[in-house]
Structure formats: structure tokens, C-alpha cells
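Chemist: Just passing along the structure, written as C-alpha cells.
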Amino acid sequence: MRTRYSSVQILLHWLVFVLVVMTYTTMDIKGCFAKGTPLRELLALTHYSLGFCVLFLMCIRLFVRGMYVTPPVKPALPRWQHYFSGGAQILIYLMFLSLPVMGILSQYYGGHDWTMFNILMPKSVFPDLPLQKLLKTLHEWLANAGYYLIGLHTLAALWHHYRRRDNTLIRMLP
């Protein structure tokens, strides 16, 4: 039985991590510039493009996850920790799948031109500004909650490695 995730799973995990950091960073930096400035527009374009890349890689991650057996944690976790970690992992997957979808739909229903990868994207013929505002609010709220979920994920991995001394973290290291 495998003791580590496959090299493809490890690569996808860390690629998504890098993309998520870059996606969050572009939005945080974008707020420092006045609306309509070229740099702010470039940061928005970069944010949308990176967000789509996160969605794309997360879909691949789900597909690849189904191809491999998850390596067991050694020593085995208590049942409550096993369920808690599984629930947290489901939340992380749902977050990084739904955030880009909400962002894309928010742009679509906004009724204005927008680009991703410098390609003009479709917009709704019938803009729905209340729906667009709701999607944007949910997107921003979930992104902010993501800081805490990512932090919890990181702290749990470090706790398993340094306090519990199991192989949880080692299974995902390159």
C-alpha cells in the first residue's frame, strides 16, 4: 500500500496552493489602486484568470483523487479526527470549486464587458444586478472565510507533524 500521495496529486496540490496565493494577492493589491487605472484593470484580469485556473485544476484534482487510494495516516487517527479531517477537506474542495464559479457568474450577470486571459468573455443579455451583487457578496464572504479554512488546514498539518508525529504532512510533501 502507498504511504504517500501520487506525484500527480502532490503536484496538483501545490500548484493549486500557489495559484490560490496569487489569486488572493492580486485582489488584495488591486484595492490599493483607483478604479479605472491600468494597473487595477490588469490585477482584475489576473485575478479572474487565476481563479479560473484554480477551478480547472480543482476539477482535475477531483478526477485524479478518484483514481488513487488515499494513503493511510500512520499511526491511525481516532475516529473523530478522521471524520473532522474528511469534513474539512470537503469544505476546502467545495470552497475552491464554488469561489471561481460564483466569481464567473457574478461577472456574467453584471452586464458589462470583462475579460479572462485577455479574452472577451460572454455577458448576460439580460443583466441581473441584484443577483450579480448577491454572487459578489457571497464570493467575497467565502474568500474571506477561506483565510480561516486555509489557516486551519495549515495548522492541522503542522500539528500532525510536530505534535502527533504522524505521516499526515509527509504524505503530501514533494
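The values are calculated or read from the model by the stated rules, or taken from the named source; none is laboratory data. As the structure is a prediction and not an experimental result, all values here were calculated from the model. Backbone-built Cβ (ideal geometry, glycine too); neighbour counts: all protein chains shown. Quick note on the areas: whole protein, heavy atoms, side chains included, nothing else; ligands and nucleic acids left out. Shrake-Rupley method; radii C 1.70, N 1.55, O 1.52, S 1.80 Å.
Chemist: Check segment 82-96 and report whether any residue there is exposed (fewer than 15 other Cβ atoms within 10 Å of the Cβ), in a loop (DSSP other than H, G, I, E, B) and either without any contact (Cβ under 8 Å) to a residue 40 or more places away in the chain or over 16 Å from the mean Cα position of the chain (by Cα) (or both).
Modeler: Among the residues of segment 82-96, not one is exposed (fewer than 15 other Cβ atoms within 10 Å of the Cβ), in a loop (DSSP other than H, G, I, E, B) and either without any contact (Cβ under 8 Å) to a residue 40 or more places away in the chain or over 16 Å from the mean Cα position of the chain (by Cα) (or both), which makes the answer no.
Chemist: Which is within 30 Å of Ser6 (Cα to Cα) and surrounded by 10 or more Cβ atoms within 10 Å (Cβ to Cβ), of Met121, Met116, Met172?
Modeler: Selected residue: Met172, the only one of Met121, Met116, Met172 that is within 30 Å of Ser6 (Cα to Cα) and surrounded by 10 or more Cβ atoms within 10 Å (Cβ to Cβ).
Chemist: Cβ-Cβ distance below 9 Å, separation of 6 or more or different chains: which pairs start in segment 123-137 with a residue that is free of Cβ contacts under 8 Å to residues at least 24 places away in the same chain and end on one that is of a type in the set (A, V, I, L, M, F, W, C) and outside any helix (DSSP H, G or I)?
Modeler: Lys123/Trp114
Chemist: Could you say which residue among Lys30, Lys35 is open to solvent by less than 80 Å² (accessible area, probe 1.4 Å), within 29 Å of Asn118 (Cα to Cα) and charged (D, E, K, R)?
Modeler: Testing whether each residue is open to solvent by less than 80 Å² (accessible area, probe 1.4 Å), within 29 Å of Asn118 (Cα to Cα) and charged (D, E, K, R) leaves just Lys30.
Chemist: Being within 30 Å of Ala156 (Cα to Cα), β-branched (Val, Ile, Thr), at pLDDT 95 or above and open to solvent by less than 60 Å² (accessible area, probe 1.4 Å): is that true of Ile104 here?
Modeler: Against the criterion (within 30 Å of Ala156 (Cα to Cα), β-branched (Val, Ile, Thr), at pLDDT 95 or above and open to solvent by less than 60 Å² (accessible area, probe 1.4 Å)), Ile104 does not qualify.
Chemist: Taking segment 100-133 as the search range and keeping residues that are under 21 Å from the mean Cα position of the chain (by Cα) and not in a helix (DSSP H, G or I), which one is farthest from Leu57 (Cα to Cα)?
Modeler: Only one residue fits best here, namely Thr115.
Chemist: Looking at segment 110-122, is at least one residue modelled with pLDDT under 95 and either closer than 22 Å to Arg65 by Cβ or among the acidic types (Asp, Glu) (or both)?
Modeler: yes
Chemist: Can you confirm whether Leu19 is open to solvent by less than 30 Å² (accessible area, probe 1.4 Å) and closer than 21 Å to Leu152 by Cβ?
Modeler: yes
Chemist: Taking segment 3-16, which residues are surrounded by 15 or more Cβ atoms within 10 Å (Cβ to Cβ) and of a type in the set (S, T, N, Q)?
Modeler: Within segment 3-16, Ser6, Gln9 meet the criteria.
Chemist: Scan (1) of a type outside the set (D, E, K, R); (2) closer than 21 Å to Ala157 by Cα; (3) at pLDDT 95 or above for the single condition Thr3 breaks and write down its number.
Modeler: Answer for Thr3: the failing condition is (3).
Chemist: Okay, next question. Going through Cys32, Cys59, Cys53 one at a time, which residue ends up being outside any helix (DSSP H, G or I), closer than 22 Å to Tyr147 by Cα and not basic (Lys, Arg)?
Modeler: Cys32
Chemist: Only residues that are open to solvent by 60 Å² or more (accessible area, probe 1.4 Å) and within 29 Å of Lys123 (Cβ to Cβ): list them for segment 59-81, please.
Modeler: Cys59, Leu62
Chemist: Right, something else. Where the second residue is in a loop (DSSP other than H, G, I, E, B) and among the aliphatic types (A, V, I, L, M) and the first is free of Cβ contacts under 8 Å to residues at least 24 places away in the same chain and lies in segment 29-51, which pairs have Cβ atoms under 8 Å and are six or more apart or on separate chains?
Modeler: Cβ pairs passing all conditions: Arg40/Ala34.
Chemist: Going by the conditions given, is Arg163 among the basic types (Lys, Arg), open to solvent by less than 80 Å² (accessible area, probe 1.4 Å) and either within 25 Å of Cys53 (Cα to Cα) or part of a helix (DSSP H, G or I) (or both)?
Modeler: no
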